[in-house]
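Peer 1: Structure provided below as structure tokens; questions to follow.
Every number in this text was worked out from the coordinates using simple rules, so none of it is lab data. Just so it is clear, the model here is predicted, and its values are computed rather than measured.
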Amino acid sequence: MNGLKLSPLETHHAARLSGLAAILGAFALDQATKLLALAELRPGDVYAVLPNFNLSLSFNQGISFSLFAETFTDRPHMLAGITLAVTALLGVLLVRSAARLEAVALGLIIGGALGNVLDRLRIGAVVDFLDFHVWGFHWPAFNLADSAIVIGATLLVVTSLIGNRP
């Protein structure tokens with residue numbers, strides 16, 4: 001950083017701003033791509049993009065990979081509430097974080113979770129449309145919010161392995 005050293009307060013502030021940018025970026029990209037998918041794709045149609053990648057609109061009423069869909073089918077607000085509670089706890093961790101990578105990781109998870117919560121509140125299910133497959137095996141369809149959550153969780157593991165550095 002050109003020999004400049006940030007004070008602990010400046011480091012903490014920079015980490016929080018980085019986390020906020022990650023929240024806003026993940027949420028905005030997720031919602032923009034979902035709006036595009038809803039406008040251009042029809043449920044059940046499959047559009048091959050690459051040999052192992054399709055666009056295919058689906059709606060997930062459960063949690064990851066449609067787990068517990070039967071439990072939450074008629075209760076999207078309950079699942080949204082649970083997600084918001086967990087997201088609030090992650091927000092507290094983000095505000096307390098002084099490490100930029102950790103704050104970005106938490107921001108990606110929060111932004112992705114908020115994107116999926118908005119879907120549940122707006123239409124009662126999460127919009128999924130990314131369909132990867134290899135050798136006849138299809139990974140469950142997902143969206144950019146899911147990607148942000150996975151990347152954020154991976155970064156949290158990395159920060160725990162390398163330590164929290166400002």
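Peer 1: Go through [x] 31, 15, 15; [y] 32, 19, 14; [z] 53, 13, 12 and flag the label whose value is the computed semi-axes √(5λ) of the Cα gyration tensor in Å for this structure.
Peer 2: [y]
Peer 1: For the chain, modelled as a Gaussian network with Cα springs under 10 Å, which listed residue fluctuates most, PRO51, PRO43, PRO140?
Peer 2: Most flexible of the set in this elastic network: PRO51.
Peer 1: Now, a different point. Using only helices, what value at 222 nm comes out for the chain when you add -39,500 (n - 2.57) per DSSP H run of length 4 or more and divide by the total residues, to the nearest 500 deg cm²/dmol?
Peer 2: -21000 deg cm²/dmol
Peer 1: Ordered by residue, what ³J(HN,Hα) values in Hz, to whole numbers, does segment 145-151 give under the Karplus form 6.51 cos²θ - 1.76 cosθ + 1.60, where θ = phi - 60° and Gly and Pro are x?
Peer 2: 4, 4, 4, 4, 5, 5, 5
Peer 1: Hey, what angle do you get for helix 8-40 against the long axis of the chain, alpha-carbon based, 0 to 90 degrees rounded to 10?
Peer 2: 10
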